[in-house]
1. Suppose we take every Cα in region B:335-428 and form the convex hull; what volume per residue is that in Å³?
2. Where does the longest stretch of chain B lie that holds no GluC sites (Glu not before Pro) found in a DSSP loop with 13 or fewer other Cβ atoms within 10 Å?
3. Filter the chymotrypsin sites (Phe, Trp or Tyr not before Pro) in region C:1-102 to those in DSSP coil with at most 12 other Cβ atoms within 10 Å of their Cβ, and list the result.
4. Please tell me the relative contact order of chain C in percent, rounded to the nearest whole number, where contacts are Cα pairs under 8 Å and at least six residues apart.
5. Please compute the Kirkwood hydrodynamic radius over region C:2-311, one decimal place, Å, based on all pairs of different Cα atoms.
6. Using only the Cα atoms of the protein assembly as shown, what are the Rg and Dmax in Å?
7. Ordered by residue, what ³J(HN,Hα) values in Hz, to whole numbers, does region B:138-147 give under the Karplus form 6.51 cos²θ - 1.76 cosθ + 1.60, where θ = phi - 60° and Gly and Pro are x?
8. Search the structure for amide H atoms under 5 Å from the amide H of C:Ala96, placed 1.01 Å from N in the peptide plane, and list their residues when 5 or more places away or on another chain.
Amino acid sequence: MRLFSKILRTGLVTRPLAPRHDEAIHLINAIDARSRSVLGRAVAIREVDAGSCNGCEIEITGLAGPVYDMERFGLHFVASPRHADLLLVTGPVTVNMAVPLRKTWEATPDPKLVVAVGDCARTCGVFRESYAVAGSVDAIIPVDVFVDGCPPEPAEILRGILVALDRWPSRPRPALGFEDAEATRR
Amino acid sequence: MNAGGAEIWLRILLVAFPIGAVAALVVRGALGRAIVAAAAAVGSAAGFALAAMVLGWGEPVRGSFAFPLAPLVFRLDPLGAFFLVVTAIVGFAASLYSFGYGAGSPWRVLRTTGVNLNLLLLGLSLQVMADSPLTFLLVWELMSLAAYFLVLAEPDEPGAVNAATWYFGVTHAGFAALFAMFFLWSGGALTASFVELRAVPLDGALRDAVFLLALVGFGTKAGIIPLHIWLPRAHPVAPSHASALMSGVVLKMGVYGLVRVTFDLLGSGPAWWGMLVLALGTVSALLGVLYALMQHDLKRLLAYHSIENIGIIFMGLGAALLFRTYDLPLLSALALAAALYHTLNHACFKALLFLGAGAVVRATHTRNIEELGGLIRRMPRTAFAFLIGSAAISTLPPLNGFASEWLLFQSLLGGARIPAQSVAVLMPVGVGLLALSSGLAAACFVKAFGITFLAIPRSPHAEAAEEAPRSMQAGMFLLVAACVGLGLGPAFVVPLLGRLIARLPGLEPAIGLHAANGALTGLPDGLGQMSPPAVALGLVAVAVVVAVVLRALAPPFRLRRGATWGCGRLLQTPRMQYTATSFAEPLRRVFAQLYRPTEDLTVEVHPDSEYFVRAIRYESRVHPWVERLLYQPLLAMVRGAGRRVRQMQAGSVHLYLAYMCAALVVLLFVARWLP
Amino acid sequence: MTSWLVELGQSTAALLMAPALVGLIRWLKARLQNRCGAPIWQPYFELHKLFAKEAVVSTNASWLFRAAPYVVFTSTVAITLVVPLMLVPLPFDGFADLLVVVYLLLLGTFFTALAGLDPGSPFGGMGSSRGMTVAALAEPTVAVAIFALASGAGSTNLGHIASRLIASPMAALTPGHLLAFASLFIVMLAEAGRLPIDNPATHLELTMIHEAMVLEYSGRYLALVEWASAVKLLIFFCLLANLFVPWGIATTVSAPALVLAAAALVIKLGMLCVAVAVLETRVAKLRLFRVPELLSVSFVLALLAVTSSFVLR
């Protein structure tokens, strides 16, 4: 019972997502109209760790928590790439993870998107030129959005995913968690 | 009733099987196989026609043969005709199958199989017609010997001779029990007909003794626990169509005998009769399926499932006995109808499964499931037939396993009406354990079908497998049709069973068992009903509607082939699949107290350092404790007695003469002093 | 003619309601985790998306893998034709009883388990093995609970059981009834794959039971399988609601009765959703080898239900 009284006392802690436009998010391939209509409201995400230091993973874990709550946007994590629509890739792709990453991408059904998270995913970060690194993520699989940062904040990753889905910037919809754009600029 | 018509079929039956037996000895090659198969098929068809006539008209057919010792009397009444139908269906399918199965077998195997198949079918057909103890016992012996030689047909199979010896020993122990029973009952007059036996008044203790001897004698043939010891050894080693006949029909002769004795001839008895049979049935059902789960020999798995289904049939018989004791004839008839229906259904789907297993073994030369896999691509029709058989034995609607199990559930639910509270409370336990055994059977057949047929082949044998020849497929698909037909048509079978049960003394109200509008009713006042054809129709209709709606409304369907998802591993080998042992492991853990598995782990290390492991060997066994507790002490006793008796055979002629003299003196005394 | 329309309407209603049930439970759990969560309609969006996606099928898989989702979906939808939703007795009530319902569910589980083994993936094999273990161990409880209900109502047909209870309301408070409800609630958790037996939202393959069997499915196949499991949850909820607490259900096909029945159904299903969501928040998932202990507890409850109904007759 203490659990439930604590739950009731805490209340909703989800923060609305601020509409900041950043240079940290790079859109490479815009989503096409058909995929946009298919993946409009429900997106299953499969996270792939292609050799990262797990800094990005810790931030991604925050996405599913109460504060950033990605489920309110219709996003949820899945275990199998067969169930997934979007691959969330982190890490400089190490030599050992190059083939598995490619296989994961091939196992995902169309239409699919790839969001690469972290500096390592775009430029291999501090692991550039290492003997164990095969290349950045877009050398292995086609990437739609890069989110820079080491590690990027969960809110940033969330914005990156929404950019990939072309749901950002959208009309201010406080019900879905977006802050009023006018209010922020003031 | 056209007695002449029935006579013709009987004559064809009596002629066809011996022709087949003789042809097996004389004619070689494909022609020989064809004649043997055709003769067996014609005989089975004649049996079916004969049985259909008797069941249809409801009047028995009589016949007798003068034999040197005493006349053999035969009488086929509707109860016997029902079991003759069982024999005929399975016999016909097995005959068709035997033509293709024998191709490539050596001559001595074909000869033994052909002769004994026909003799076995003859024995099974005549068994249900036997009308006096002498006839019964003679035909019983014929049947047992034919089955014994079939078990020995392929003597090079590992364990064949051991299995045959066990079979011989146990079946003759049963024969001794039956002989003692008939002797006690008829007071030595073994040529009296069954009608006369029915009229013999037996007092309490003698009746109980007769019942127990019947239970032991017929139980050894039927294979209930603890008299089942020969079943898991004998059925796997026989040729597959013989295994199908043995599992499908020979076991049912035990059921036939028990039904004939306790329901027809002996009359009503005390409550403990029913409770004993019910308890034995429940134990057999549960232990049978639990041991089947741990098997990796495909045919031995099927043999243990036969024990389970015989247990289910015995549960129905026990419930029927119990209801009869408490004067609830309609419920008793329902339980007996459920048991008889399950007899027919089990014969069909078990024979189908054995024929399928035989096709697999013939194509891959191994009975071990762990070496199979991927056969659904290489043997698609066999796989389909095996799938239907698996679904039927797992009691999935709308197939036949579900229809008879539904009836059994309904009759056990009626146990709430038993006035004795202490007995009535045991019925729900029986219901629960019956449901558990059917759930475990489903789990076991997911394993059996899934590991054998699905995914990738686990050995080169399985990769090289080829589809079975047409004659074998024909036998299997005949049984598939039987399973589906019996599943959809209980509306025909149940009234038939009702009519034949109504002829049994004390169960006349069984005539009230009817089916309305194709629906199966549990209790005749219309409550508790279901209609398998409607269920099947419903499933088909929903499937059609779903397909149409999806075609109309859903986006166009696109399919792409890719590798199995394995977390990005580089390649997939057959060893990365699930094995049968792993599949059964959760259940093994759950029932560990019962199985008491033994585990052996041997780790071989490099002589210079124990950190470098050369080989690891793991072995785990599940020994049925029934064998350890019951049979090993028994065997030890028999061996000890044998050793002591051997001491008497010193080899000296003088000692033997002395023995004979002593025996003569004793006999003279006995003859002089006894009245 | 009206009977066909009624049945069609009931089946369609069940199909359309089922995803909302799953969505409601997820929304409640989200709120209990102090976050907004997806709207209740989210499962509909997911199904809509899945039907539009392509299906990727393993090269090892046979026709059974492609046919199994249809078999599972068909058998589950066929059950909705006889489960009392808003009207009792149903026109098709005499065609199938509670035992048929239980074994049709077993048919679905059988084919899902086979489909888990087909691609040759070890996850699928593990899911099949565990799924069949749980299904087999839940069978005796269901059978004995049916015994308890049927001996009270005199029949195993669902319409009879519900009508009998409406006619004699005090029978709902007998210990037999309450114990049967408790045991069936536990079985519902096991069969529908909810905590504490199976976590529907887990990503760890070693903790999956149902999810592991459908790990290889994608696109239309996954949509059918997920929809079927939502309908299965709805079926169990309806059985729990309308066989034990049938008041509010319509006994005639008239507009006011059906409206009242719809409202009553929504209330009952909502209460069951709240119960499941609260339970899933409170308890942790049981280790697989503790699940048989829980199922044997439910079996004992069911046996006590039957015994008490005998003794107190």
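Quick note: the coordinates plus some simple rules give every number you see, no bench work behind them. This is a predicted model, so every value here is computed, not measured. Virtual Cβ from ideal backbone geometry, glycine too; neighbours counted across all protein chains shown.
1. Output value, Cα hull per residue: 116 Å³.
2. Of all site-free stretches, the longest is B:1-465.
3. Nothing satisfies the criteria.
4. 28
5. Answer for region C:2-311: a Kirkwood hydrodynamic radius of 19.9 Å.
6. In Å, with Rg to one decimal and Dmax whole: 33.5, 131.
7. Karplus values, whole Hz, x for Gly and Pro: 5, 5, 4, 5, 4, 4, 5, 5, 4, 5.
8. Under 5 Å from the amide H of C:Ala96: B:Ser531.
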